[in-house]
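Following: one structure in structure tokens, then a few remarks.
The values are calculated or read from the model by the stated rules, or taken from the named source; none is laboratory data. What you see is a predicted model, and the numbers here were worked out from it, not measured in a lab. Using ideal geometry, Cβ is built from the backbone for each residue, glycine included, and neighbour counts are taken over all protein chains shown.
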Amino acid sequence: MIIKTFGDLKIPALGLGTWRLNGNTCKNIVLQALNIGYRHIDTADAYGNEQDIGRAIAQSGISRDDIFLTTKLPWEKLRGNEVIAAMRQSLDKLQTQYTNLLLIHWPSTQGVPVKETLEAMQMLKADGKIRAIGVSNFTPTLLTEALKHANILCNQVEYHPFLAQSRLLEMATENELMITAYCPIARGKVSDSETIKEIAETHDKLPTQITLRWLIQQKNVVAIPKTANPEHLKSNFDIFDFELSEAEMNRISGLNQGLRLIDPEFAPHWES
Ligand SMILES: NC(=O)c1ccc[n+]([C@@H]2O[C@H](COP(=O)([O-])OP(=O)(O)OC[C@H]3O[C@@H](n4cnc5c(N)ncnc54)[C@H](OP(=O)(O)O)[C@@H]3O)[C@@H](O)[C@H]2O)c1
């Protein structure tokens, strides 16, 4: 496993995404992931699976302190008092005293100033209920605003070979931020790329593995592929025994085509 360091936080570069995993399917795959060696789990209030993840972590017998756990606030409830209440519920469901990272899942759809939400998150941090504060789906402009009000660890955004995030990556370098890549394998579409397939053959790896390696080899980037398939779970984790050359990294970066897979009607104006 590659561990990324941000300030005094140590974060496993590869995590497990859990959107659309629920019930025992979710619990079992998280348990299997922990057995394989995953130590970074991504969930959200909106996924409706915090309870299942809590059960998996409890059953795994792995010390809570060895797991990097992220959850996200519901985007329609970002008023200060709502943030505190949502976190209490998340912690109950996750059966834990704290999460390592709490994210604003999407910029407020109700016009709540980000300052208010971040102030409540800072209170949670001061109370030991979260270790770090982050945002998700924030554009460069929104991120700039957020950085004025709190110490932000991360922006979780869609990032894969077909969707570049150049400005956010620059901001990550300038501000020592983590970019968490969601949809990191573009929901499997990377397996159709001739370029990625060619590089995969050179390394005797799969296109999905090449893509995950390309992401985590970037200094400020971590990735959270989702799978419900135990074989995929193992293969996604088998990316620590090879390295991509600079030329290979650049070839993959050259595949950008502005392909955005997640773009709900309440999304911010991405180019801002
Ligand atoms: N913050 C946000 O707004 C936001 C938005 C979207 C996602 N996310 C987070 O990011 C995570 C990942 O994103 P995502 O689930 O949308 O996309 P993804 O991880 O790029 O792709 C998941 C899809 O790829 C398949 N897959 C996984 N490993 C594979 C492999 N080795 N070979 C072939 N297919 C494979 C999965 O199917 P199988 O299950 O059959 O393997 C699933 O259909 C989410 O689960 C969630 O935690 C956050």
When you scan segment 261-269, do you find a residue that is part of a helix (DSSP H, G or I), out of contact with any Ser or Thr (no Cβ under 7 Å at 6 or more places or on another chain) and either on the phi > 0 side of the Ramachandran plot or more than 8 Å from the ligand (Cβ to nearest atom) (or both), even just one?
no
Tell me, please, whether a residue that is surrounded by fewer than 22 Cβ atoms within 10 Å (Cβ to Cβ), part of a loop (DSSP other than H, G, I, E, B), under 21 Å from the mean Cα position of the chain (by Cα) and not polar (S, T, N, Q) can be found in segment 81-97.
no
Taking segment 13-61, which residues are under 17 Å from Asn100 (Cα atoms), part of a loop (DSSP other than H, G, I, E, B) and among the charged types (D, E, K, R)?
Arg39
From the set of residues in segment 190-208 that are part of a helix (DSSP H, G or I) and among the small types (Gly, Ala, Ser), which is surrounded by the most Cβ atoms within 10 Å (Cβ to Cβ)?
Ala200
Determine whether segment 40-59 contains at least one residue that is surrounded by fewer than 17 Cβ atoms within 10 Å (Cβ to Cβ), of a type in the set (Asp, Glu), on the phi < 0 side of the Ramachandran plot and more than 12 Å from the ligand (Cβ to nearest atom).
no
Criterion (touching a Phe, Trp or Tyr at 6+ places or on another chain (Cβ under 6 Å), closer than 24 Å to Ile41 by Cα and at pLDDT 95 or above) met by exactly one of Asn151, Asn137:
Asn137
From the options Arg167, Arg187, residue that is in a helix (DSSP H, G or I) and near the ligand (Cβ under 10 Å from one of its atoms):
Arg187
Filter segment 125-159 down to the residues that are away from the ligand (no atom under 16 Å from the Cβ) and not in a helix (DSSP H, G or I), then identify the one that is surrounded by the most Cβ atoms within 10 Å (Cβ to Cβ).
Ile130
